[in-house]
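Inspection log for the structure reproduced underneath, given as structure tokens.
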Amino acid sequence: KIEVILPAFLGLLFIITGNYLPKCKQNYTIGIKLPWTLHDEANWDYTHRLAGKVWSVGGCIIILTSFLRNAYVLLVILLVMVLVPTVASYRYYKANKPEE
């Protein structure tokens, strides 16, 4: 029973967090604090809008797959939820980096 309930609550937590992320302003306390997101407010906004969508969808998928009771499925979903915004944020940084 707990093998289903705990991932479902985790998915709900990601949905709630995903809805909050696009609303949070650039800061050093809450959010995706990568060096390039803290350096550029536009990158911060882009990353958090994308992460909000990815985390909300990921949370829904976690809830739907919680009945599978498979930790590997949960791990893959979590990795995607972390890597997609991180890689997109870095690519945004590289594409919009000022010339030195």
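The values are calculated or read from the model by the stated rules, or taken from the named source; none is laboratory data. What you see is a predicted model; the values in this text were computed from it and never measured. Glycine gets a Cβ as well: all are built from the backbone with ideal geometry, and neighbour counts include every protein chain shown. Remember, those area values only see protein heavy atoms, side chains included, never the ligands or the DNA or RNA. Shrake-Rupley method; radii C 1.70, N 1.55, O 1.52, S 1.80 Å.
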statement: Going through segment 7-58 in order, the residues found to be outside any helix (DSSP H, G or I), within 15 Å of V82 (Cα to Cα) and either of a type in the set (S, T, N, Q) or open to solvent by less than 50 Å² (accessible area, probe 1.4 Å) (or both) are G31, I32, L34
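Taking only segment 72-100 into account, find how many residues are among the small types (G, A, S) and buried (at least 16 other Cβ atoms within 10 Å of the Cβ).
Result for segment 72-100: 2.
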Only listed residue being at pLDDT below 95, out of contact with any Gly (no Cβ under 7 Å at 6 or more places or on another chain), closer than 20 Å to L6 by Cα and of a type in the set (A, V, I, L, M, F, W, C), chosen from L79, L68: L68
task: Kindly list, by first and then second residue, each pair from a residue in segment 76-99 that is touching a residue at least 12 places away in the same chain (Cβ under 8 Å) and assigned to a helix (DSSP H, G or I) to a residue that is open to solvent by less than 70 Å² (accessible area, probe 1.4 Å) and of a type in the set (D, E), limited to pairs with Cβ atoms under 8 Å and residues at least 6 apart or on different chains.
output: Y93/D40
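Suppose the filter is open to solvent by 50 Å² or more (accessible area, probe 1.4 Å) and touching an Asp or Glu at 6+ places or on another chain (Cβ under 7 Å); does R69 pass it? Step through it out loud before you land on a result.
Working: open to solvent by 50 Å² or more (accessible area, probe 1.4 Å): yes; touching an Asp or Glu at 6+ places or on another chain (Cβ under 7 Å): yes.
So R69 passes the test.
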